[in-house]
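The values are calculated or read from the model by the stated rules, or taken from the named source; none is laboratory data. Owing to the predicted nature of the structure, the values given are computational and were not obtained by experimental measurement. So basically every Cβ, Gly included, is an ideal-geometry build from the backbone, and we count neighbours across all protein chains shown. Side chains are part of the model used for accessible areas, which takes the heavy atoms of the whole protein and leaves out ligands, DNA and RNA. Shrake-Rupley method; radii C 1.70, N 1.55, O 1.52, S 1.80 Å.
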Amino acid sequence: MDADSPTDLESFYRDYLRHCNEHRFDELQSFIAEDVRVNGETQGSQDYIAGLEAVVTAFPDYTWSLQHLLIDGPWVAAHFIDTGTHQDSFLDVPATGRTVSAQEFAFYRVEAGKIAEVWVAADNLYLVSQLRRRPPG
């Protein structure tokens, strides 16, 4: 992949996202640098992938629905609407069976054909408020 080509970087990112949405986490090593940094801290690819797997454990039908995608040099900016059905504990909330959605924004820096840095903000407070909402009645 040519990091200077927005078309190639977009294709790379969409392929990565497809793997995430198909929950093919065992294949993500080819997309993520071994020493990936997340929100300013070295996390490493194994822990990064484990974090995605933990979300899908709690929400087995979880999807990241891409709303906006911008490419600027080695940077990819993405806006998602995340959705899933809560089937296991998440952020200390036991399974509720509720379907939820939340906004997520992420910036990725791609270096040498792999995601080397990620800055991500998901609206987990709103997501948890949906899980804790009392049913009508």
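A few notes on this one:
- Only listed residue being outside any strand (DSSP E or B) and under 21 Å from residue 21 (Cβ atoms), chosen from 77, 102, 95, 54: 54
- Within the range 84-97, considering residues that are touching a residue at least 24 places away in the same chain (Cβ under 8 Å) and in contact with a strand residue (DSSP E or B) (Cβ under 8 Å, 6 or more places away or on another chain), the one most open to solvent (accessible area, probe 1.4 Å): 85
- In the range 98-114, residue farthest from residue 9 (Cα to Cα) [restricted to those that are open to solvent by 50 Å² or more (accessible area, probe 1.4 Å) and not aromatic (Phe, Trp, Tyr)]: 98
- Residue count for the range 32-41, restricted to those that are touching a Phe, Trp or Tyr at 6+ places or on another chain (Cβ under 7 Å) and surrounded by fewer than 17 Cβ atoms within 10 Å (Cβ to Cβ): 1
- Test: residue 71 is assigned to a strand (DSSP E or B), modelled with pLDDT of 95 or more, out of contact with any strand residue (DSSP E or B) (no Cβ under 6 Å at 6 or more places or on another chain) and farther than 17 Å from residue 127 by Cβ: yes
- Any hit, the range 1-14, residues being more than 22 Å from residue 92 (Cβ to Cβ) and in contact with a Gly (Cβ under 7 Å, 6 or more places away or on another chain): yes
- Pairs where the first residue, in the range 7-30, is acidic (Asp, Glu) and the second is assigned to a helix (DSSP H, G or I), C-beta under 9 Å, 6+ apart: 26/49; 27/19
One line per residue, one yes/no per condition, for (1) under 19 Å from residue 122 (Cα atoms); (2) surrounded by 12 or more Cβ atoms within 10 Å (Cβ to Cβ); (3) of a type in the set (Asp, Glu):
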residue: 6; (1), (2), (3): no, yes, no
residue: 12; (1), (2), (3): no, yes, no
residue: 20; (1), (2), (3): yes, yes, no
residue: 23; (1), (2), (3): yes, yes, no
residue: 30; (1), (2), (3): no, no, no
residue: 43; (1), (2), (3): yes, yes, no
residue: 50; (1), (2), (3): yes, yes, no
residue: 53; (1), (2), (3): yes, yes, yes
